[in-house]
Amino acid sequence: MRNFFSITIICLTFLTVGVFLALANNLEHVAEQISNNMAAVFFLDTDISEEQLNAIEEELKRSQLVLETTFVSAEQAVDKFREKFPELQGIIENIKINPFPPSIETTFKEKTITFREASGLITQIKNMPGVEDVQFNQEWVDRVNSFSRLAKAVGFFLGGILVLASFFIISNVIKLNVLARKDEIEILRLVGATNTFIRVPFLLEGITLGVIGGLVSLFLLLLLINSIPIYLGSRPGVLNELINFRYLTLSQSITIIAEGGIIGFLGSLTPLARFLKT
Amino acid sequence: MIELYHIWKQYQKAQWALSDITFRVDKGDFCFITGPSGSGKTTLLKILYRQIFPTEGQIVIDNRNILKISDHKIYQLRRHMGIVFQDFRLVFHKKVFENVAVVLQVLGIPRKEIRRRVFNALRMVNLHNKMWEYPAHLSYGEQQRVAIARAVVNSPKIILADEPTGNLDTELAFEIMSLFKDINTKGATVLICTHDRELIRNFGQKILFLYKGKLLRKESL
């Protein structure tokens, strides 16, 4: 019963850490997906000169980062708007003037650039004459990455508290086991057992409890992740990315099991100390 | 071999369990410590295997002051001792074999050798046929014999026994004492606490009389 309690608390500890780690992993994946489709739209002055436009396009084409650039004139932009949002056509008719500036749509080569490189180029183009504004999906990438970092931080914070809790619980469970075997320990001492000889079974017990707790938490996390798509059904949107929920990486899983063992080991070190005197 | 110098032990204020005990037991001695209940026999033995410390005094065993051995090295002293406790101190959830084998297990002796030695020790106390039973299924006297087997299985240099025949009939008590005597003739020093005068008369070589914590007299027969 006591051992079951230890395993449960270790399992809950690592399940919490695991959930947040998995969430962070998935947010990182979403950010990666976005960055793989990195695109920027440079909005130009309505009265941009031919030379200025050519200079911008040449600069973009010269860059190793850019896959392709498409010039969209103000008229083409209106047409696109009309095509995409036919129900809003009336607004355009009423305004009478064309509210859309000309633009250059740029897509970057997939997976070959870093955010920093892309930002460098974008800043450079943005500062060129004739460029009014730029829309770049890096903001989204940054936001998702921030969420990912936050999820990790929350996971480690909660995990840290729970690790402490499980340390004390294992420690107390081992203490109870030690108390139950107090006479046996005393006899071992009196027949000449070394402290290590007495300690090892308790340490192994602690490590086993920790490792089992870690393993069970990984199994529960697997069940949880597999049940998310069933629960969410076929809801569309960004959730699609999360529905395709990823499990922890191998190294993260091994770390969780190892940490379980370490907590078990440390938790069982202290309770024996007072019985290993005299 | 065993030298005690001015041993004093106080459990409570104004009450001395042992007062100024000084004696020497030579290698190969077969020594009895006798005296009425509460005379300090058990306290003296506990001090010898260092379960408790004396309030004052020094104890030298094999030219080593045992009071200066650190807690984590005390096993070095106890591995040379076979101890029979007054309350037997058997582990009741372990079988007779395991209770005796533990002394050899802590020494890292191979399993096959442990089996052989434990069987021999249990045969000496006539319990080899109950090797796989739990102590709770044995009589009081049988439990005491298991405790004796555990004390001698390692052929220790020193045997300390606290009332080892207290629950045995006269015939068995003599058998056990003969067993101790056999071990003694092989070179072990034996120190037995008892108030069985018959045993002392028949086996005693050196006798220490304790009364109210004081050593009244020493006799060598």
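The values are calculated or read from the model by the stated rules, or taken from the named source; none is laboratory data. All of these numbers come straight from a predicted model, not from anything done at the bench. Heads up, the Cβs are rebuilt from the backbone with ideal geometry, glycines too, and the neighbour counts pull from every protein chain shown. Just the protein is used for accessible areas: all its heavy atoms, side chains included, with ligands, DNA and RNA removed. Shrake-Rupley method; radii C 1.70, N 1.55, O 1.52, S 1.80 Å.
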| message | For chain A, set up a GNM with springs between Cα atoms under 10 Å and report which of A:GLU51, A:GLU132, A:GLU87 has the largest fluctuation. | response | A:GLU87
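Calculate, in nm to one decimal, what B:SER139 and B:ASP26 gain on full extension: separation in residues at 0.36 nm each, minus their alpha carbon distance.
On the way: separation 113, 0.36 × 113 = 40.68 nm, distance 3.54 nm.
Between B:SER139 and B:ASP26, full extension yields 37.1 nm more.
Using Cα pairs under 8 angstrom and six or more residues apart, how large is the relative contact order of chain B, in percent? Can you show the working numbers first?
Numbers: 402 pairs, mean separation 67.8, N = 221.
Here the relative contact order equals 31 percent.
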| Dipole of region A:37-136 (Lys/Arg Cβ +1, Asp/Glu Cβ -1, origin at the Cα centre): which of A:LEU65, A:VAL41, A:GLY90 lies farthest to the positive side? | A:LEU65
| task | Among B:HIS93, B:HIS128, B:HIS195, determine the one that fluctuates most according to a GNM of chain B built with springs between C-alpha atoms less than 10 Å apart. | result | B:HIS93
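How large is the Kirkwood hydrodynamic radius of region A:142-211, in angstrom, based on all distinct alpha carbon pairs?
Result for region A:142-211 stands at 14.9 Å.
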| Could you give the alpha-carbon Rg of chain A over 2.2 N^0.38 Å, rounded to two decimals? | 1.62
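For region B:29-94, just say rounded, prolate or oblate: build the C-alpha gyration tensor, square-root its eigenvalues into a ≥ b ≥ c, call rounded for a/c under 1.5, and beyond that prolate if a/b exceeds b/c, oblate if not. Please report the intermediate quantities before stating the final value.
Values: a/c = 1.66, a/b = 1.09, b/c = 1.52.
It is oblate, given that a/c is not under 1.5 and a/b is not larger than b/c.
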| field | Length released on extending from A:ASN54 to A:ALA74, taking residue separation times 0.36 nm less the Cα-Cα span | value | 5.6 nm
| Which FRET efficiency, nearest 0.05, do B:LYS68 and A:PHE156 yield, Cβ-Cβ r, R0 41 Å? | 0.25
| Heavy-atom accessible surface that B and A bury in contact, both chains counted, 1.4 Å, Å² to 100 | 1600
| Can you list residues whose amide H is under 5 Å from B:LEU210's amide H, if they're 5+ apart or on another chain and H is modeled 1.01 Å from N? | B:THR34, B:GLY35, B:LEU216
| If you find the alpha carbon centre of region A:60-112 and of region B:42-76, how far apart are they in angstrom? | 93
| request: Work out which residues of region B:72-93 lose at minimum 10 square angstrom of accessible surface when the other protein chains are put back, relative to the chain isolated, with a 1.4 angstrom probe, and list them by number. | output: B:HIS72, B:ILE74, B:TYR75, B:ARG78, B:ARG79, B:ILE83, B:PHE85, B:ARG89, B:VAL91, B:HIS93
| field | Estimated vicinal HN-Hα couplings, Hz - region B:58-65 in sequence order (Karplus 6.51, -1.76, 1.60; Gly, Pro = x) | value | 10, 10, 10, 10, 6, 6, 10, 6
| message | Using only DSSP helix segments of four residues or longer, with each worth -39500 (n - 2.57), what per-residue ellipticity at 222 nm results for chain A after dividing by its residue count and rounding to 500? | response | -24000 deg cm²/dmol
| region B:149-221 pair-distance distribution - Cα-Cα, 10 Å bins, rounded % | 18, 53, 28, 2
| task | Please work out how much accessible surface B:TRP8 shows to a 1.4 Å probe, ignoring ligands, DNA and RNA, in Å² rounded to 10. | result | 80
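Leaving out ligands and nucleic acids, and using a 1.4 Å probe, what accessible area per residue does region A:37-136 come to in Å²?
Numbers: 6380 Å² over 100 residues.
Dividing the accessible area of region A:37-136 by its residue count gives 64 Å².
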| Rel. contact order, % - alpha carbon contacts under 8 angstrom, at least six apart, region A:37-136 | 53
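Of all the accessible heavy-atom surface of region B:56-116, with the other protein chains kept in place and a 1.4 Å probe, what percent is carbon and sulfur? Intermediate values should be presented prior to the final figure.
Working: 1510 of 3220 Å².
Carbon with sulfur: 47 percent of the solvent-accessible area.
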| Can you list the residues of region A:246-278 that have at least 30 square angstrom less accessible area with all protein chains present than in their chain by itself, probe 1.4 Å? | A:THR278
| Does region B:79-221 come out rounded, prolate or oblate by the C-alpha gyration tensor, with a ≥ b ≥ c the root eigenvalues, rounded set by a/c under 1.5 and, if not, prolate when a/b is larger than b/c and oblate if not? | prolate
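Can you divide the C-alpha Rg of the protein assembly as shown by 2.2 N^0.38 Å and report the result to two decimal places? List each step's numbers first, then the result.
Numbers: Rg = 41.2 Å, N = 499, 2.2 N^0.38 = 23.3 Å.
Ratio of Rg to 2.2 N^0.38 Å for the protein assembly as shown: 1.77.
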| With chain A treated as a Gaussian network of Cα nodes joined by springs under 10 Å, which of A:PRO86, A:PRO99, A:PRO129 yields the largest mean-square fluctuation? | A:PRO86
| Give or take rounding to whole Å, what are the principal axis extents of the alpha carbon atoms in region A:37-136, in descending order? | 43, 29, 17
| note | What helix-only [θ] at 222 nm does chain B give? Using -39500 (n - 2.57) per DSSP H run of at least 4, over all residues, to the nearest 500, the answer is -9500 deg cm²/dmol
| message | Can you pull out the trypsin sites (Lys or Arg not before Pro) in region B:150-216 whose DSSP state is coil and whose Cβ has at most 11 other Cβ atoms within 10 Å? | response | B:LYS186
